[in-house]
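Q: Mind looking over this structure? Questions follow.
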Amino acid sequence: MVNSIGFPNLGITFPNVGKTISVFGFEIAYYGIIIAVSMLAGIYLAMWIAKKTGQNPDDYFNLAMIAIVVSLLCARAYYVIFSWDYYKDNLSEILNFRGGGLAIYGGVIGGVATSIIFSKRKNMQYGLTLDTACLGLVLGQLIGRWGNFFNREAFGGYTNGLLAMRLPLDAVRSSEVTEEMMANAVTADGITYIQVHPTFLYESLWNMGVLIILLIVTLKGIRKFNGEVFLLYLLLYGLGRLWIEGLRTDQLVLPGAGIPVSQLLSGLLVVLSVILILLFRRRRTKETY
């Protein structure tokens, strides 16, 4: 199989992008390495923010040890639930994490629930806990999306835009290939290539912008109430995901409705976040005066 990944309109080609690396005879997936790095980076950032804001960094390390496990299980459960047509006939595959299938929104739900329960047991302000933890989360998402690059997955439909990504047809899952991709496929040296939206890259860049905004709000003391940074994360991430999810060809859909689940959830989170931010800011203004 050809391992090249190209960005033809940028004049960039990576000729040999493998999916694994061999360490002492063991094959380790780059995806797993990137996810591990993203987790460590997220934990470090959350602990650094905790120290900057007068909290105990160790609380966030302990929280992360629990939240990571819960989030992974919830991310898998979310994926399995909305892919039940496949898993109902392949029950043994439900716990096969190596086979792929994690949904970030499931992980977010698990992480939020864990953070709230943990903060209540530790007598921490759960709004402040969520504000701090979400900074580590968005950094982890920013880095973690690059695992999709190595796996040649989570891409969008055909495009010939500036950031268009070219992949060998035999390197991707056939279920994610559309008729438009095939109509615009090119063949070189006997290899067929498709050209797609690199939605993993779009989301990574979007998350970088979200992280910068959240850091400014946190470090400059712009927030008006505990929990505002977290709500702002849901709003900004939801806006990006609402757009990006519409491009992808591997969407999880709502059974019977055919609506992309993550796109629907993103829209709901955007609306809910705006309402809560306005409501709590108005309440805070009244308390001030």
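Q: Computed from these coordinates, which is percent of Cα pairs over 33 Å apart: (i) 28; (ii) 24; (iii) 16?
A: Evaluating percent of Cα pairs over 33 Å apart on these atoms matches (i).
Q: Of Lys19/Lys88; Lys122/Lys220; Lys51/Lys220; Lys51/Lys122, which ones are farther than 20 Å apart at the Cα? Write down the numbers at each step before the final one.
A: Values: Lys19/Lys88 29 Å; Lys122/Lys220 27 Å; Lys51/Lys220 15 Å; Lys51/Lys122 17 Å.
Flagged as over cut-off: Lys19/Lys88; Lys122/Lys220.
Q: Report the convex hull volume per residue for the stretch 27-82, counting only C-alpha atoms, in Å³.
A: Details: hull volume 5.3 nm³, N = 56.
Normalising the Cα hull of the stretch 27-82 by residue number yields 95 Å³.
Q: Still on this structure, please answer the following. Show me the ranking of peptides 54-61, 37-44, 277-284 by mean Cβ neighbours inside 10 Å, starting with the highest.
A: Highest mean packing first, the order is 37-44, 54-61, 277-284.
Q: Cut-off is 10 Å between beta-carbons; in what order do Phe82, Phe200 appear when sorted fewest neighbours first?
A: Lowest count first: Phe82, Phe200.
Q: Same structure again: FRET efficiency for Ala36 and Phe61, Cβ-Cβ distance as r, R0 = 22 Å, nearest 0.05? Walk me through the numbers on the way to the answer.
A: Values: r = 16 Å, r/R0 = 0.71.
The calculated FRET efficiency here is 0.90.
Q: Quick one: among Ile34, Ile49, Ile216, which has the greatest mean-square fluctuation in a GNM of the chain with alpha-carbon springs under 10 angstrom?
A: Sorting by GNM fluctuation, first place goes to Ile216.
Q: I need to check one value: relative contact order of the chain, counting alpha carbon pairs closer than 8 Å and at least 6 residues apart, in percent.
A: Dividing the mean separation by the residue count of the chain yields 19 percent.
Q: Just add up the charged neighbours of Val2: K/R +1, D/E -1, any other residue whose Cβ is under 10 Å from the Cβ of Val2.
A: Values: positive: none; negative: Asp170, Asp189.
Local charge sum for Val2: -2.
Q: While we're here: Between Asn9 and Leu169, how high is the FRET efficiency from 1/(1 + (r/R0)^6) when r is the Cβ-Cβ distance and R₀ = 30 Å? Nearest 0.05.
A: 0.95
Q: On to the next question. Of Val270, Val229, Val69, which has the largest mean-square fluctuation in a 10 Å C-alpha GNM of the chain?
A: Val69
Q: When the chain is modelled as a GNM with alpha-carbon springs shorter than 10 Å, which of Trp84, Trp243, Trp206 fluctuates the most?
A: Residue with maximal mean-square fluctuation among Trp84, Trp243, Trp206: Trp84.
Q: May I pose another question? Two decimals is fine: what's Rg over Rh for the stretch 1-149, C-alpha atoms, Kirkwood radius as Rh? Intermediate results must be reported in sequence, preceding the final value.
A: Values: Rg = 18.1 Å, Rh = 17.3 Å.
Reported Rg/Rh, Kirkwood definition of Rh: 1.05.
Values quoted throughout were computed directly from the atomic coordinates according to the rules given, and no laboratory measurement underlies them. What you are looking at is a predicted structure, and each value in this text was computed from that prediction instead of being measured. Here Cβ is always computed from backbone atoms with ideal geometry, including for glycine, and neighbour counts include all displayed protein chains.
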